[in-house]
Structures are given as structure tokens and as C-alpha cells.
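Enquirer: To start, I am sharing the structure in question, which I have written as C-alpha cells.
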2 protein chains.
Amino acid sequence: MSTKSVQPKNIDTRDRILDAAEELFVEHGFAATSLRAIATRADVNLAATNYHFGSKMGLLGSVFHRHIFPVNEERLKRLKALERSERSLTLNEILEALFLPLIEGLPHERLPALMGRIFSEPESITKPIIEKEFAEVAARFQAAIVKVLPDLPIEILRWRFHLMIGSMIHMLKFQSPIGSEYSRDMFTKGIEELINYSVAGLSRGQNLQGNPDQQVNHQEISK
Amino acid sequence: MSTKSVQPKNIDTRDRILDAAEELFVEHGFAATSLRAIATRADVNLAATNYHFGSKMGLLGSVFHRHIFPVNEERLKRLKALERSERSLTLNEILEALFLPLIEGLPHERLPALMGRIFSEPESITKPIIEKEFAEVAARFQAAIVKVLPDLPIEILRWRFHLMIGSMIHMLKFQSPIGSEYSRDMFTKGIEELINYSVAGLSRGQNLQGNPDQQVNHQEISK
DNA sequence: GTCTATACGCCGATAGAC
DNA sequence: GTCTATCGGCGTATAGAC
């Protein structure tokens, strides 16, 4: 109780650095953002960033983790709730569990832009972060999607999942289509449209199970 | 005829810089690639890059333009050929005109990765380049797509076009889905899958005209 | 016209004083 | 926990060699 009390000064410094770094990373990207610019905006000494986070990469990891972790928890929670129902799921509800936590359950307002930017960085930067933060989410959702599209060859499904992630990243990066103004409603509409678009793309040529109001598209799978 | 002869030394230097820059930009991104690393790999003096291209941004523009220009010419050529036919086009043939030039007609083998990387850079870098290289292609193809999806509200179509571009960028960036090895065949398969996926996503809920073998998906447009 | 040497003010990181 | 001083490397610009 005595020596373990919180040090408000430290916590303040840490959070000010995280806030400043987040804004600058989103705007200019990781490599083009200097620790000096971050320190100036956060009104802390240059060396403080290195003391608290070890390196610029460590800072990026902390910036990202603080917002994405609760979203990924919510995603898994929703998927597990669906799977507990023991009926066969629809593609639509799986994708809602994946994408709606980006706008529901109070995610930080800067998370979408931050995700869009970080996923766009070179692989050397994204790889360790994505493996740490998304390994479980990606594996579980991909497995759930395989179950509702049992006739789709796995190599086709891999491509389609990949294409869906690309749509998501691009959508998060801009949060409104080119030529339109950003608004909270516009972004919500975009998430809905991302779900619709992904359902159509993933299920093309497949008979969707367990969803009587979704009709079938009988086109051949490829070629 | 006399003084206008080519200077091989100059041309060699310019091209060596372009080749070296291209490889390093793809691997590490724009901001993380130093002019010193480029000059070293190209075996030229540091200042040569500035002499030939004015700045690092100028170099990026030249690197990109030399490969994307012929591809965009081919795209427009194919679209114009389709439009000259004076029948109503299918979404599928429009998207083939847009995406097949990435694998047909001998585009440079490093173009896909280069496109994927450049489109992923922060907006301050991509904006002038995209406006210069893609303004006409984007406008013409979007107009062609509007024509074959006349009942789709324009704000929905904008979102879907945006989502399609995101899929393309992500696909070009990795050229094989996560967990698969790259091969030329794999990439070709990916372009085909991109076309299929985009046709399904763009036309969701719409009656496709002029394409009797494509069936209709009667789901509501959104929600 | 083509290229080189050099210099300026930034950068990320760190060692050590307080 | 914070700060100053300092390191080698960075993008860019330019003066002048050839």
C-alpha cells in the first residue's frame, strides 16, 4: 500500500506521448514521424519516449495495442456467443461479429484511422504487430467462415478472405469514399457496406446455408 | 543529327537509380528508404539522384510512372474498344479491362508490388501521384460501371468502388494470400479472383444487364 | 550537361548526471 | 524518472570539377 502507489506524473507523461504519437502516426505514417515531433507535441523531453517504450517500434506497438485489444476481445466474445447457439451460423452474422465492434461498444474514435494506417505500413513493421494482436481473431473467424462455405475450395477462400481484409483496410484508412466528406454517419454506412460487399464477395457461387432470406448466386466459382 | 546523339553514360545512371530505388521502395517503403542506400545500390554518387530527379519525391514519381503509364494506356485502350461496340457492356468485361492489363501485355514484373506499396503510403505522398496517373482511368471506369448498375444509388456505388480498390491494393501488395507461397500462377489466380470478387461485391442486390449467364441476387441493397 | 565533394539541420538512440 | 549531451546517419542543396 505504501511504495506501490501510482505515480501520476509518470502516467501523465506516458499517456501524453501515446496521444501525440497516435495523431502523428495516423497523419504522416510511422517512418515519417520523428520522435522529436512526438516529444514536442506531448510536451515531454525527447528521451522520455525511449525511457517509457524502449524504441520507436515499441511505442508503435503500445499505441496500437491500447485501442485494438478491447475491440478484438469484443469480436471474440461475439463470435463465441454465436457459436454457443449450436445452430449453423450465417455468413452475415459472422461478419457482423467481425466488423460491428469497430463502431459499437465504444471503441476509441481514432482507432479506425490508426488501423488503416498501421496495416498499410511495410511488412517489416506490421508483421510482429499483426501476429501479436490478430493471430487468434484471424484464425477463429476464418475457421467460422470455412464452416458456412463448406464447398468453397480452401485456396479460393484464402484469396477471398485476403481481398476482404484489403477492403477493410482501405475503408478504415479513409473512412469515407473519395469525393465524400467524412462524418460519423458516413463511416457507419461504410461499415455496413463493407459487410454487404464482403458477404457478396465471399459467397459468390456458393449456396449460403442457414439464411433463408439470402438468395443464391449460381455463377461458377471461377473462370 | 550531330549533337543530338544519346549519351549512354547518363542513361545508364538514370536507369540504375530507378532500378535501385524501385527495389528499395517496395521492400522498405518510401520514407524508410534513404537516398544514400539508393545511391550505394545503384553505384552512383549521392547527388546524382538529386540532379536527375530533383528530389526524393520526384524520384518516386519517375519510378512509378515508367511502369504504370503503359498499363493505364492499355486499360483505356481496352475500355474504349468495349465502348465502341455500342452494345451494353457487362460488369465482368469492364473489370477485365481494368485488371487484366496487370498480367497481360507484358507489364514490368515488379509493377504489382510497386503499386501495392505506393498506394499504401500516407496520403501526402500518394495524392499528387494518384491524381497525375489515375485521374482519367478512375473517372472513365467509374462512369462505365455506373452505366451497368443504373439502379444503384451513387453513394453506395462510391463505397463499393472504394472497397474494390482496397481489395486490389492489398492483393497487389502481397501477390499471394497469407500462408501461401508466391508464384506467377498464384498471382494470375489472384487477379481472376479479384475480378470475381469485385463483380459479386459491386453488383450485390442489382440486376446485371446484358449478361444472361449472370444471375440476380435479390437481397436488399443495404441493411 | 553530367557528376562529385561537401555542408546544413534534421533523425533515432544512448550514456550518464541529477 | 527525467534531462542534457552526443553519436552516426539522414534528405537536401549547392559550388565547382570535368
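No value in this document is a laboratory result; all are computed from the given coordinates. It should be emphasised that the depicted structure is a prediction, and the values quoted were computed from it without experimental measurement. Every residue, glycine among them, receives a Cβ derived from its backbone with ideal geometry; neighbour counts consider all protein chains shown.
Enquirer: May I ask which of A:LYS189/B:LYS77; A:LYS173/B:LYS80; A:LYS132/B:LYS56; A:LYS80/B:LYS127; A:LYS77/A:LYS127; B:LYS127/B:LYS147 have a Cα-Cα span longer than 30 Å here?
Expert: Among A:LYS189/B:LYS77; A:LYS173/B:LYS80; A:LYS132/B:LYS56; A:LYS80/B:LYS127; A:LYS77/A:LYS127; B:LYS127/B:LYS147, the Cα-Cα distance tops 30 Å for A:LYS189/B:LYS77; A:LYS173/B:LYS80; A:LYS132/B:LYS56; A:LYS80/B:LYS127.
Enquirer: Please give the average number of partner chain Cβ atoms lying within 10 Å of the Cβ of each residue in A:119-128, rounded to a whole number.
Expert: Going residue by residue through A:119-128 and averaging, the value is 5.
Enquirer: Quick one: longest stretch of chain B between exposed loop GluC sites (Glu not before Pro), exposed meaning at most 15 other C-beta atoms within 10 Å and loop per DSSP?
Expert: B:1-85
Enquirer: A follow-up question, please. Other chains' Cβ within 10 Å of A:172-180 residues: what's the mean?
Expert: Rounded to a whole number, the mean comes out at 5.
Enquirer: How high is the relative contact order of chain B, in percent, counting Cα pairs under 8 Å that sit 6 or more residues apart?
Expert: RCO, chain B: 19 percent.
Enquirer: Using alpha carbon centroids, what distance separates the range A:181-210 and the range B:129-206, in Å?
Expert: Each part's Cα centre sits 15 Å from the other's.
Enquirer: Among B:VAL137, A:VAL199, B:VAL148, which comes first, then next, by fewest other beta-carbon atoms within 10 Å?
Expert: Arranged by neighbour count, lowest to highest, B:VAL137, A:VAL199, B:VAL148 become B:VAL137, B:VAL148, A:VAL199.
Enquirer: Could you give P(r) for chain B, binned at 5 Å from zero, as whole percent values over all Cα-Cα pairs?
Expert: Going out from 0 Å in 5 Å bins, chain B shows 1, 6, 13, 16, 16, 14, 12, 8, 6, 4, 3, 1, 0, 0, 0 percent.
Enquirer: Shielding of B:37-48 by partners, i.e. mean partner chain Cβ atoms within 10 Å per residue?
Expert: Working: counts 0, 0, 0, 0, 0, 0, 0, 0, 0, 0, 0, 0.
For this peptide, the per-residue mean of nearby foreign Cβ atoms is 0.
Enquirer: Between B:GLY105, B:LEU60, A:ILE118, whose Cα lies farthest towards the positive end of the dipole of the protein assembly as shown when Lys and Arg beta carbons carry +1 and Asp and Glu beta carbons carry -1, centred on the Cα centre?
Expert: The listed residue farthest towards the positive side: B:LEU60.
Enquirer: Are there trypsin sites (Lys or Arg not before Pro) in the range A:11-111 that DSSP marks as loop and that have at most 13 other Cβ atoms within 10 Å, and which are they?
Expert: Counting only loop positions with at most 13 other Cβ atoms within 10 Å, the trypsin sites (Lys or Arg not before Pro) in the range A:11-111 are A:ARG87.
Enquirer: Right, here's the next one. In Å, what is the Rg of the alpha-carbon atoms in the protein assembly as shown, and how long is Dmax?
Expert: 23.6, 90
Enquirer: Show that you can apply the helix-only estimate: for the protein assembly as shown, add -39,500 (n - 2.57) for every DSSP H stretch of four or more residues, divide by all residues, and state [θ] at 222 nm to the nearest 500. Let's see the in-between values first.
Expert: On the way: 18 runs with 301 residues, N = 446.
Helices in the protein assembly as shown give a 222 nm mean residue ellipticity of -22500 deg cm²/dmol.
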